[in-house]
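A short write-up of the structure that comes next.
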Amino acid sequence: MTEAKSDFSKGAAYINGQYVPISEAKVPVGDWGFTHSDVTYDVVHVTDGGFFRLEDHLDRFHRSLEGYRLDPGVSRGEMRTILGKVVALSGLKDAFVAMISTRGVPRVYGSRDPDDCDNTFIAYAVPWVDVIKPDVQARGAHLLVAQVPRISQDSLDPTLKNYMWRDFTRGMFEAKDKGFDTAILLDAEGYLTEGAGFNVFIVKGNEVITPDRGALRGITRLAVLDLCPELGLEGKVAPVTFEELMDADEVFTTTTAGGVMPCSRVNERIYGNDRPGPISAKIKETYWRKHKEGWHMTPVNYADADNPFAAAA
Ligand SMILES: Cc1ncc(COP(=O)(O)O)c(C=O)c1O
């Protein structure tokens, strides 16, 4: 097989039915994924050679596919094998693994009919990088509540993963201009939603609360809610106002691409002693310790990329 000769060490991709090094994975300019942001995706992480909550990510990806009426013609089982194979080919023990479906290039040039497109399935594995740098995580991230409101969930369902990041990107530029690490957005009614690629939690007393609106149902968010009872905390999904955010004891963010990331400031408000709060730190420590213990992990069989989930002999 051609893939055996390729160098996948910087990442491996599956595109157009082929396995290629990540640098060779290219989408045509006519693909509606590019021209109309008509695409959905999901990202799962691999740590110490195992996928975290792979079935939850596949469930969410399938909900997104249905929500966007995308059908790449690849079964769930085939997707799972492809995801395992890109990881096994890359040899990466710590990685981000993306699954993507674009509307595709219309068969009739210039057509505006989505039924004229063959939907694609793309997957790739690339080396892990911390989206919030480890030194920033250690001091606690500084978040800005950006001026731009989160796009209405009546226009864009935030529970279906998408690349329509214009509001987030505007917020991130505003945050950078004002000396913050990143941005979080309120909706038009003033309720907290989420940030550029992460969910937000506030801690108040024993309660650990994440917004019920305008936000992705993050898999890391789910993991935190699952952990709360064993830590003696009450996890809640509820409306969070700006005032409640400012009045919280602690704030932290969650994402696949970084885990549980404590914050120490929002706008001019400094939480605790300007360092990650004790409950955020405890949740973060527990989240990573449970990874090491194999919690929701699916090990990859690196020895045989064609059977990436066969138990190692
Ligand atoms: C907009 C948005 N919110 C939240 C998240 C966090 O979700 P998860 O924990 O599943 O990575 C992401 C992840 O990329 C995201 O893009």
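The values are calculated or read from the model by the stated rules, or taken from the named source; none is laboratory data. All of these numbers come straight from a predicted model, not from anything done at the bench. Cβ coordinates were reconstructed from backbone atoms using ideal geometry, including for glycine residues, and neighbour counts include every protein chain displayed. For the accessible areas, the whole protein counts, side chains as well, though only heavy atoms, and no ligand, DNA or RNA atoms are used. Shrake-Rupley method; radii C 1.70, N 1.55, O 1.52, S 1.80 Å.
Tell me the trypsin sites (Lys or Arg not before Pro) within the range 1-79 that lie in a loop according to DSSP and have at most 13 other beta-carbon atoms within 10 Å.
Details: sites: 5, 10, 26, 53, 60, 63, 69, 76; in loops: 10, 26, 53, 69.
Those satisfying the criteria are 10, 26, 69.
I'd like the distance separating the alpha-carbon centroids of the range 43-71 and the range 254-313, in whole Å.
17 Å
What percentage of the solvent-accessible surface of the chain, computed with a 1.4 Å probe over protein heavy atoms, is contributed by carbon and sulfur atoms? Walk me through the intermediate numbers first.
Details: 7570 of 14580 Å².
For the chain, the apolar C and S fraction of the accessible surface comes to 52 percent.
Considering only DSSP beta bridges where both residues belong to the chain, give the percentage that are antiparallel (nearest 5).
Once the DSSP bridges in the chain are tallied, antiparallel ones form about 80 percent.
Would you list which lysines come within 27 Å of residue 5, measuring only between C-alpha atoms, while excluding same-chain residues fewer than 8 positions from it?
The qualifying lysines are 26, 85, 93.
How much area per residue is accessible in the chain when the probe is 1.4 Å and only protein heavy atoms are counted (Å²)? Numbers along the way, then the final one.
Details: 14580 Å² over 313 residues.
Here the per-residue accessible area is 47 Å².
Mind listing the long-range amide H neighbours of residue 250? Cut-off is under 5 Å, sequence gap 5 or more, other chains count too, H placed in the peptide plane at 1.01 Å from N.
Placed amide hydrogens put 203 under 5 Å from residue 250.
Which residue fluctuates most in the GNM of the chain (Cα springs below 10 Å): 99, 261, 79?
Taking springs between Cα atoms under 10 Å, the residue moving most is 79.
Counting only C-alpha contacts under 8 Å and six or more residues apart, can you give the relative contact order of the chain as a whole percent? Don't skip to the answer; put the middle values down first.
On the way: 658 pairs, mean separation 59.4, N = 313.
Reported relative contact order: 19 percent.
Looking at the range 188-289, send over the antiparallel percent of its DSSP beta bridges, to the nearest 5.
Numbers: 17 of 22 bridges.
About 75 percent, rounded to the nearest 5.
Compare 125, 188, 12 in a GNM of the chain, Cα atoms joined below 10 Å, and give the one with the largest fluctuation.
188
If I build a Gaussian network model for the chain, linking alpha-carbon pairs within less than 10 angstrom, which residue out of 19, 287, 109 has the largest mean-square fluctuation?
109
So how many Å³ per residue does the convex hull of the Cα atoms of the chain work out to?
Cα convex hull per residue, to the nearest whole number: 139 Å³.
Just in the range 145-221: which GluC sites (Glu not before Pro) are loop by DSSP and have at most 13 other Cβ atoms within 10 Å?
189
I need the helices of the chain that pass two filters: whole DSSP H segments spanning 20 Å or more by Cα along the axis, and mean Kyte-Doolittle score no lower than -1.0.
On the way: long enough: 54-68 (21 Å, -1.18); 76-90 (21 Å, 0.37); 278-292 (21 Å, -1.42).
Qualifying helices: 76-90.
According to the square roots a ≥ b ≥ c of the eigenvalues of the Cα gyration tensor, what is the shape class of the range 238-290, taking rounded for a/c under 1.5, prolate for a/b larger than b/c otherwise, and oblate for the remainder?
On the way: a/c = 2.14, a/b = 1.58, b/c = 1.36.
The shape class here is prolate.
Classify the range 178-303: rounded, prolate or oblate, from the alpha-carbon gyration tensor (a ≥ b ≥ c, eigenvalue square roots; a/c under 1.5 rounded; otherwise prolate if a/b is larger than b/c)?
In terms of gyration-tensor shape, prolate.
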